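Notes for the one structure printed next.
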Amino acid sequence: MLSPTQAEALFEEAQKASESSYSPYSQFPVGAALLLTSGDIIHGCNVENASFGLTICAERSALVSWISQAKQADAIVAIAVYGANTKYHHITPCGACRQSLVEFCGDDTVLVFRDAFGELTQKPVTAFLPDRFEL
Ligand code: THU
């Protein structure tokens, strides 16, 4: 778990990340920020396409960036997600992103998000995908 101050700081990073969003079709910018064991922070944002199914969500965009930057040796401590157009910026990862996240997150990795009442909340990422698919 992060301290409340750390969680707020990571959530602000997710907000910053949402500013890079390419979302002309949904008008729904989303940002994600990964905090690594090294202290580095990796941003991700949703990137849409005229062929809607090609859209990549902010969470998976952050994961792709982390791997692409060859930072996989630095594990993911926490991920924050921010929905720009939602009340209280409340958003939790979609099903596809949950599956992608558990591929790389340990049991201690936490998701930082604002709940439906605006409260900054932390929960283990694995709690969002019980009985997940595994090979
Ligand atoms: N979106 C995300 O970026 N993350 C999620 O977990 C859910 C949805 C994006 C995809 C699309 O660009 C927009 O939000 C509306 O669905």
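The values are calculated or read from the model by the stated rules, or taken from the named source; none is laboratory data. The structure displayed is predicted, hence computed values, not measured ones. Note: ideal-geometry Cβ built from the backbone for every residue, glycine included; neighbour counts use all protein chains shown. Side chains included, ligands, DNA and RNA excluded: accessible areas come from the protein's heavy atoms. Shrake-Rupley method; radii C 1.70, N 1.55, O 1.52, S 1.80 Å.
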**Prompt:** When the range 17-30 is examined, which residues are found to be within 8 Å of the ligand (Cβ to nearest atom) and over 14 Å from the mean Cα position of the chain (by Cα)?
**Reply:** 23, 25, 26, 28
**Request:** Take the residues in the range 1-16 that are of a type in the set (Gly, Ala, Ser) and closer than 17 Å to residue 59 by Cα, then tell me which one is nearest to the ligand (Cβ to nearest atom).
**Result:** 14
**Request:** For residue 60, work out the one condition from (1) in contact (Cβ under 8 Å) with a residue 24 or more places away in the chain; (2) farther than 23 Å from residue 105 by Cβ; (3) of a type outside the set (Asp, Glu) it doesn't fulfil.
**Result:** (2)
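So, in the range 1-28, of the ones that are part of a loop (DSSP other than H, G, I, E, B) and of a type outside the set (Gly, Ala, Ser), which residue ends up most open to solvent (accessible area, probe 1.4 Å)?
The qualifying residue most open to solvent (accessible area, probe 1.4 Å) is 1.
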